[in-house]
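Chemist: Questions regarding the structure given below will be posed in turn.
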Amino acid sequence: MAKVLLVDDAAFMRMRCAKLLQEEGHEVIEAANGREAVDVYLAQKPDAVLMDITMPEMDGLEALREIRARDAGAKVAMLTAMGQQSIVIEAIKSGAKDFVVKPFERERVLAAVAKLVG
Amino acid sequence: MQVELINVFIKAAMDVLRSETGEEPSAGSIKVLSSAQTSEEVTVMIGVTGDVRGMVLLGMSERTAKGIVSRMMGEPCPLFDELAQSGIAEMGNVITGLATQGLEQAGYGAVISPPALVAGGPGIIISTVNIRRFVVPLHCGVGDLVLHAALELAPATSQHGHSNGRAVVAPGVFGI
Ligand SMILES: [Mg+2]
């Protein structure tokens, strides 16, 4: 069981992911854009982060870099509709540990969290 | 804009509808429009920038939107409230995001804006002004949708600009 920060601008997606993570016994905290994600991360130090990319205010790749700059041990997986290879490579180079493309399967999301906290 | 690139969007829409609703969708024939178009009751709008640029619209009735959200949640969706609107907008985001993978495979880099949702139609004009619009009806067990792709290739300069190496979210002019 882990404390997971779920970052997505779509409230529906946060609700859906939170439900499946909570069913597995994880504690879920949320942020609706990259800027908020950085603030919530620093304030709450979650064990793992699931990060969307396409978001207003600050996108997920920038938030990933900011979080990793402040905490080199931050464990972040991208969870996004943007599955282009160039973006996967950019995310991995920026420190993402995993990359899950939407539409996602429940097991794939749980596996990503298990990998982050394992 | 070649029809092959429009097919990338049709395939993405079919893949996402199949995965989210559990129904096998089908696509009708492609029409080309250049005029302003009255919207359906609900329209998701997503901006595309990069080597391919313009806008993708996904229109449907409110009943279809609620039917899709209900399948996505695995429970009834009696009201088209903020959460349901977020769900249908996100489906548009996932379709367009998936299409950008197909565009990348065809050699075109593109990024998308966060989705915006227009409800309260029909009767609202959503014009894509000077970009030709490809319109494709999509049929699905939960209802019918219309995919509009008003897209064009960017001038050659940006094709040499490696926009596909950059993952910057398009300016939030359409943001919600
Ligand atoms: Mg998003």
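The values are calculated or read from the model by the stated rules, or taken from the named source; none is laboratory data. The shown structure was predicted, so the numbers you read here are calculated from the model rather than taken from an experiment. Please note: Cβ atoms are built from the backbone with ideal geometry, for glycine as well, and neighbour counts cover all protein chains shown.
Chemist: Is region A:37-49 home to any residue that is within 16 Å of the ligand (Cβ to nearest atom) and either in contact with a Gly (Cβ under 7 Å, 6 or more places away or on another chain) or outside any helix (DSSP H, G or I) (or both)?
Modeler: yes
Chemist: So, one more: When you check B:V32 against the structure, is it of a type in the set (A, V, I, L, M), surrounded by fewer than 16 Cβ atoms within 10 Å (Cβ to Cβ), at pLDDT below 95 and not in a helix (DSSP H, G or I), yes or no?
Modeler: So B:V32 fits the description; yes.
Chemist: Out of the residues in region B:1-20 that are closer than 17 Å to B:G59 by Cα and at pLDDT below 95, state the one that is surrounded by the most Cβ atoms within 10 Å (Cβ to Cβ).
Modeler: B:E20
Chemist: Another question, then. Out of A:A91, A:A63, I need the residue that is facing chain B (nearest Cβ under 9 Å), of a type outside the set (D, E, K, R) and outside any strand (DSSP E or B). Which one?
Modeler: Answer to the check: A:A91.
Chemist: Looking at region B:55-64, which of its residues are surrounded by 18 or more Cβ atoms within 10 Å (Cβ to Cβ) and closer than 13 Å to B:L138 by Cα?
Modeler: Correct list: B:L57, B:L58, B:G59, B:M60, B:T64.
Chemist: Next up: Here are the criteria: (1) surrounded by fewer than 18 Cβ atoms within 10 Å (Cβ to Cβ); (2) assigned to a loop (DSSP other than H, G, I, E, B); (3) within 15 Å of the ligand (Cβ to nearest atom). Tell me which single one A:M15 does not satisfy.
Modeler: It is condition (2) that A:M15 fails.
Chemist: Provide a single number: the residues in region A:18-35 that are surrounded by fewer than 21 Cβ atoms within 10 Å (Cβ to Cβ), within 13 Å of chain B (Cβ to nearest Cβ) and in a helix (DSSP H, G or I).
Modeler: 5
Chemist: Let me ask something else. Return the residue satisfying two criteria in turn: it lies in region B:65-90 and is among the β-branched types (V, I, T) and within 10 Å of chain A (Cβ to nearest Cβ), and of such residues it is surrounded by the most Cβ atoms within 10 Å (Cβ to Cβ).
Modeler: B:I88
Chemist: So A:E24 passes all but one of these: (1) of a type outside the set (F, W, Y); (2) within 12 Å of the ligand (Cβ to nearest atom); (3) out of contact with any Asp or Glu (no Cβ under 7 Å at 6 or more places or on another chain); (4) at pLDDT 95 or above. Which condition number does it fail?
Modeler: Only one criterion in (1) of a type outside the set (F, W, Y); (2) within 12 Å of the ligand (Cβ to nearest atom); (3) out of contact with any Asp or Glu (no Cβ under 7 Å at 6 or more places or on another chain); (4) at pLDDT 95 or above is unmet by A:E24, namely (2).
Chemist: When you go through (1) closer than 15 Å to B:V42 by Cα; (2) out of contact with any Ser or Thr (no Cβ under 8 Å at 6 or more places or on another chain); (3) in contact (Cβ under 8 Å) with a residue 40 or more places away in the chain; (4) within 16 Å of the ligand (Cβ to nearest atom) one by one for B:G120, which number turns out not to apply?
Modeler: With respect to (1) closer than 15 Å to B:V42 by Cα; (2) out of contact with any Ser or Thr (no Cβ under 8 Å at 6 or more places or on another chain); (3) in contact (Cβ under 8 Å) with a residue 40 or more places away in the chain; (4) within 16 Å of the ligand (Cβ to nearest atom), B:G120 is out only on (4).
Chemist: For B:P25, state whether it is surrounded by fewer than 19 Cβ atoms within 10 Å (Cβ to Cβ) and at pLDDT 95 or above.
Modeler: no
Chemist: Kindly evaluate A:L50 against the criterion of being touching a helix residue (DSSP H, G or I) at 6+ places or on another chain (Cβ under 7 Å), surrounded by fewer than 17 Cβ atoms within 10 Å (Cβ to Cβ) and among the hydrophobic types (A, V, I, L, M, F, W, C).
Modeler: No, not satisfied.
Chemist: For B:R63, state whether it is without any contact (Cβ under 8 Å) to a residue 24 or more places away in the chain, in contact with a strand residue (DSSP E or B) (Cβ under 9 Å, 6 or more places away or on another chain) and not in a loop (DSSP other than H, G, I, E, B).
Modeler: So B:R63 does not fit the description; no.
Chemist: Can you report the number of residues in region A:64-83 which are free of Cβ contacts under 8 Å to residues at least 60 places away in the same chain, within 12 Å of the ligand (Cβ to nearest atom) and within 12 Å of the chain's Cα centre (by Cα)?
Modeler: Residues that pass the stated criteria total 2.
Chemist: Name every residue in region A:70-88 that is in a loop (DSSP other than H, G, I, E, B), more than 10 Å from every other protein chain (Cβ to nearest Cβ) and in contact with a helix residue (DSSP H, G or I) (Cβ under 7 Å, 6 or more places away or on another chain), in order of residue number.
Modeler: The answer is A:A74, A:K75.
Chemist: Every residue in region B:91-120 that is out of contact with any helix residue (DSSP H, G or I) (no Cβ under 8 Å at 6 or more places or on another chain), of a type outside the set (G, A, S), part of a helix (DSSP H, G or I) and more than 7 Å from chain A (Cβ to nearest Cβ), please.
Modeler: B:Q105
Chemist: If you don't mind, there's one more thing I want to ask. Just name the residue that is nearest to A:V117 (Cα to Cα) out of those in region A:9-37 that are in contact with a strand residue (DSSP E or B) (Cβ under 8 Å, 6 or more places away or on another chain) and among the acidic types (D, E).
Modeler: A:E27
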